[in-house]
Amino acid sequence: MKACQLIAHGQPGRFELRELQPAPLAPNEVMVRVRACGLNRLDLWLEEACLPMPLQLPRTPGGEVAGEIYACGPGVSGWRLGDRVAVQSNLTCGQCEYCRCGEDSFCLKGELLGVQRDGGFAEFVPVPARALVLLPREVSFETAAALTLAGSTAMHMLTDRTKVRAGDWVLVIGAASGVGSATIQIAKGLGARVIATGSTVTKRELALRLGAEVAVDSSAADWPSEVRRLTGKRGVDLAVEHVGGPLLARVLECLARGGTVVTCGATAGRDVTLPLWPFFVKQQRLVGSYGRNRADLVATLDWVADGRLKPVVDRIFPLMETPAAFAALRSRQVLGKLLIRP
Ligand SMILES: [Zn+2]
């Protein structure tokens, strides 16, 4: 099988399109024929060796896999060859105290597909059967690969880690990202009034098309005061962000009393300084969110199937152009998702 492997870290890293012999399937694993695989910030972190875990090369990146079951290993039941599936990219153990109660995003032995084991920028990928979710008939492989990771990350933030009530003001940072574009739609679908930020006119237009009431220019120095003005100086009930760094303190400026910031990333910096006085006086919350539970992925695909959630796909690259897709994502000139189609 062909696989695009990272063979040296860097910015850019070095990739090679290789012909590999698939290993025999382990018990309870299936071989998925990859039809589409989404590219994520996580893949860039792997490329740049910016992950707080030991990394081994060569590695086939790609965690947002959609495809068909090509072969079943020993012990697999309930799945048939040809079943159309999405793959939950945080591979969980199924046995720890968290997995046993359906809170698998807290798994003590989680493993990242495409980081700690070979992922989906390849013609085939072996995965544990417990990571599979059946694709609803209405959902294409491309749509699944655009929303399996990004959409379910947003679903986890908005329905598990926090709760959105109808009429809430929700601020979405980075409207044009995979997570941002899904967050706008899900928050709107839950009845919220959405304010989104975008650094260019095109990104802000996308936010409005996806259902944001207002799109704020995040390149303006005083954008938090614009958010406060839009909410009658009250501030937002919930802010959803994945940027971190100095931006996090600015996001706190946008919060109402009792408001919550939920964060699922730190692309602009992992160490931040926060002004604690207004934070506790206004009784605000800062909530971490990581990955998703299986139920979030199922819910995401249900939303997609009935049209409440739509993918935003910027471009689809063939497998041999995977390095160009990494470069495009790094350039930040992307609207929605980049996909690889082997
Ligand atoms: Zn577990």
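Among the residues of the range 81-116, the ones that are open to solvent by less than 50 Å² (accessible area, probe 1.4 Å) and not in a loop (DSSP other than H, G, I, E, B) come to 10 in all.
Among the residues of the range 167-201, those that are among the β-branched types (Val, Ile, Thr) and either within 21 Å of the chain's Cα centre (by Cα) or not assigned by TED's automatic domain parsing to the domain that holds Arg228 (or both) comprise Val170, Val172, Ile173, Val179, Thr183, Ile184, Ile186, Val194, Ile195, Thr197.
Taking the range 278-342 as the region of interest, the strands (runs of 3 or more DSSP E) fully inside it that hold 1 or more residues being touching a residue at least 60 places away in the same chain (Cβ under 8 Å) and more than 25 Å from Cys107 (Cβ to Cβ) are 313-318, 337-341. Among residues of the range 91-115 being polar (S, T, N, Q) and in contact with a helix residue (DSSP H, G or I) (Cβ under 7 Å, 6 or more places away or on another chain), the one that is nearest to the ligand (Cβ to nearest atom) is Thr92.
Comparison of Thr231, Thr267 shows that the only residue that is over 19 Å from the mean Cα position of the chain (by Cα), surrounded by fewer than 20 Cβ atoms within 10 Å (Cβ to Cβ) and not hydrophobic (A, V, I, L, M, F, W, C) is Thr231. Being within 14 Å of the chain's Cα centre (by Cα) and closer than 14 Å to Gly211 by Cβ is the filter here; which residues of the range 133-166 pass it? Scanning the range 133-166 gives Ala154, Leu158.
To keep it simple, each residue is scored yes or no on (1) within 16 Å of the ligand (Cβ to nearest atom); (2) buried (at least 18 other Cβ atoms within 10 Å of the Cβ); (3) in a strand (DSSP E or B).
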{"site": "Glu16", "(1), (2), (3)": "no, no, yes"}
{"site": "Ala23", "(1), (2), (3)": "no, no, no"}
{"site": "Arg35", "(1), (2), (3)": "no, yes, yes"}
{"site": "Pro52", "(1), (2), (3)": "no, no, no"}
{"site": "Leu57", "(1), (2), (3)": "no, no, no"}
{"site": "Trp79", "(1), (2), (3)": "no, no, no"}
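So which residues in the range 98-142 are among the β-branched types (Val, Ile, Thr) and under 22 Å from Leu301 (Cβ atoms), if there are any at all? If the condition is that a residue be among the β-branched types (Val, Ile, Thr) and under 22 Å from Leu301 (Cβ atoms), then Val125, Val127, Val133, Val139 are the ones that fit.
The values are calculated or read from the model by the stated rules, or taken from the named source; none is laboratory data. What you are looking at is a predicted structure, and each value in this text was computed from that prediction instead of being measured. Reconstructed Cβ throughout: ideal geometry from the backbone, glycine too, with neighbour counts over all protein chains shown. These accessible areas exclude ligands, DNA and RNA; they are computed on the full protein's heavy atoms, side chains included. Shrake-Rupley method; radii C 1.70, N 1.55, O 1.52, S 1.80 Å.
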